[in-house]
Amino acid sequence: MLQIGDEVYFSAVFLLVLFGTRSAIGASAVTASIYVFIVMFRFPQVPADQASQVLRPTGLASAGVPVVAHRAGGHDAPENTIAAIREASRNGATGVELDLDFTADGVAVLMHDETVDRTTNGTGAVGTLRLAELRTLDATGKHRLREKFKGERVPTLQEAVEECINHQLTIFFDVKDQPDKAAAALGEMYHKHPVLYNSSIVCSFQPKVIYKMRQADPGVVTALTHRPWSLSRYDDGTPRSLSAWTNYWLGVLDVLLDWAHHHLLWNLCGVSAILMQKDFISLDYVQYWAERGVEVVGWTINTAVDKQYYQDVLKISYITDSLREDCEPHY
């Protein structure tokens, strides 16, 4: 159901439409339509105890918070590999974040980028390579520890899931696009391994991916990933466009997208968590989402000082590139 306090936002919509149309009837109709749309097409959150098992797994120290290895810990081992999963487990990670993509022959594999150029010794788009071709590549690529992990291969989703289950790691499935393929591939994993319902979460920057996943299986725990100003600025803060006018309008869209995430999309998708870029998280922000039954997970937390802040002050989960040392963020 809609949360207490949401009437403020529907009132704001009413006033905005009223101001634009000068019609009380029109403003009422638009506001009512949005309300009915949310009520009719939203997915309820999964049960709180199920979400808690995923986001606050048992076995942590009393003062501990869950720590998730970004791309399975891309600083400590070649990212999105079986070796990285094992290294993350050895280093004390609670879970791993894994990136999902598909080969030309439709096999789900782990890969962050659209191409294999950065992370392997090969070239080309993942979607143009068959699994057999992908298997010939060395997944250590240009990694700083490539000699230690030489010969590591790009794993399939199935292989990665089984490895995580063996190590009792929570899995954060990160889906960039292809919602239909992703929902089908992940649905197969949940069917084969029912333990995933209480030990994994599907995350995406794209609300359509999460909505499609909830359509396919309402029992899956999900999260929206968000970084304010993502349309107008790159991860490092530089503008996406050299045109001031373009950046202005992208900024306007950013404001609308941010509002939608915080007041509409999370409710429509029925997510249990929001994965937020670390610079936008505060105690008030954590409290805002707690009132809505949503956990906040911070990314990417790569210094000892920041990790201590999450542990002692915010007391929430965080995603990191390294469990061993301070490092620069891996975009």
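Miscellaneous remarks
- In this entry, K192 is excluded by the filter for residues that are more than 21 Å from D49 (Cβ to Cβ), open to solvent by 40 Å² or more (accessible area, probe 1.4 Å), within 17 Å of the chain's Cα centre (by Cα) and assigned by the TED database to the domain that holds A88.
- Restricting attention to the stretch 211-234, the residues that are open to solvent by 30 Å² or more (accessible area, probe 1.4 Å) and either in a helix (DSSP H, G or I) or polar (S, T, N, Q) (or both) add up to 4.
- Only residues that are out of contact with any Phe, Trp or Tyr (no Cβ under 8 Å at 6 or more places or on another chain) and open to solvent by 10 Å² or more (accessible area, probe 1.4 Å) were counted in the stretch 65-75, giving 1.
- Residue within the stretch 121-140 that is of a type in the set (K, R) and either at positive phi or touching a residue at least 40 places away in the same chain (Cβ under 8 Å) (or both) present: no
- Among the residues of the stretch 117-157, those that are in a loop (DSSP other than H, G, I, E, B), open to solvent by 30 Å² or more (accessible area, probe 1.4 Å) and among the polar types (S, T, N, Q) comprise N121, T123, T136.
- Residues that are under 17 Å from G74 (Cβ atoms), in a strand (DSSP E or B) and touching a residue at least 12 places away in the same chain (Cβ under 8 Å), drawn from the stretch 93-116: G95, V96, E97, L98, D99, L100, D101, V109, L110
- Set side by side, the residues L323, L265, L283 differ, and just one is closer than 27 Å to R42 by Cα and either open to solvent by less than 50 Å² (accessible area, probe 1.4 Å) or at pLDDT 95 or above (or both), which is L265.
The values are calculated or read from the model by the stated rules, or taken from the named source; none is laboratory data. What you see is a predicted model, and the numbers here were worked out from it, not measured in a lab. Note: ideal-geometry Cβ built from the backbone for every residue, glycine included; neighbour counts use all protein chains shown. What goes into the accessible areas is simple: the full protein's heavy atoms, side chains included, and nothing from ligands, DNA or RNA. Shrake-Rupley method; radii C 1.70, N 1.55, O 1.52, S 1.80 Å.
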